Amino acid sequence: MLRPIAFIFAALMAVGPVAAQVGSGTLKGKIMDLDADSPLPFASVVLFLNGNQVSGTNTDFDGEYTIKPVQPGTYDVLVSFVGYQSQKITGVKVTANKIRFVNAELSAGVMMRKQKSWNTRCL
């Protein structure tokens with residue numbers, strides 16, 4: 001009597017994680033250096049849904065990344081790398097059981113904002 005119950009319990013536990021991923025999509029892509037036309041290893045790729053971080057990863061040695069499972073929806077993808085200008089890609093639609101490719105090219109350097117000069121005087 002105990003063996004069939006244990007078997008059913010074990011089967012349900014094995015199917016649980018697989019069932020949770022049914023209907024999810026995948027986000028893949030490649031991040032490149034715009035000026036050097038070479039891949040950016042270890043760049044950060046972050047997935048946002050309604051302004052909240054959902055998932056993220058780093059690129060591999062070839063500048064490629066994969067984020068899965070991703071629930072269907074419309075996301076924003078933020079790509080960043082130290083010493084490069086970040087890039088935000090909005091409106092990325094992920095659908096169930098499909099792979100969505102999002103590639104990006106980052107340019108070196110940081111945007112500098114002009115600092116206000118304050119009128120100071122000594123008393």
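Count, please, the residues in region 47-66 that happen to be in contact with an Asp or Glu (Cβ under 9 Å, 6 or more places away or on another chain), under 19 Å from residue 107 (Cα atoms) and assigned to a strand (DSSP E or B).
0
In region 39-50, which residue that is farther than 12 Å from residue 81 by Cα and touching a residue at least 12 places away in the same chain (Cβ under 8 Å) is surrounded by the fewest Cβ atoms within 10 Å (Cβ to Cβ)?
Restricting to residues being farther than 12 Å from residue 81 by Cα and touching a residue at least 12 places away in the same chain (Cβ under 8 Å), the top hit is 49.
Looking at (1) part of a strand (DSSP E or B); (2) at pLDDT below 95, which is the only condition residue 20 fails?
Evaluating residue 20 over (1) part of a strand (DSSP E or B); (2) at pLDDT below 95 leaves (1) as the failure.
Kindly indicate whether residue 69 is more than 17 Å from residue 88 (Cα to Cα), assigned to a strand (DSSP E or B), at pLDDT 95 or above and not aromatic (Phe, Trp, Tyr).
Yes: the conditions hold for residue 69.
So which residues in region 72-84 are in a loop (DSSP other than H, G, I, E, B) and either closer than 16 Å to residue 103 by Cβ or in contact (Cβ under 8 Å) with a residue 60 or more places away in the chain (or both), if there are any at all?
81
The values are calculated or read from the model by the stated rules, or taken from the named source; none is laboratory data. Remember, it's a predicted structure, so these values are computed and weren't measured experimentally. With ideal geometry, Cβ positions are generated from the backbone for all residues, glycine too; neighbour counts draw on all protein chains shown.
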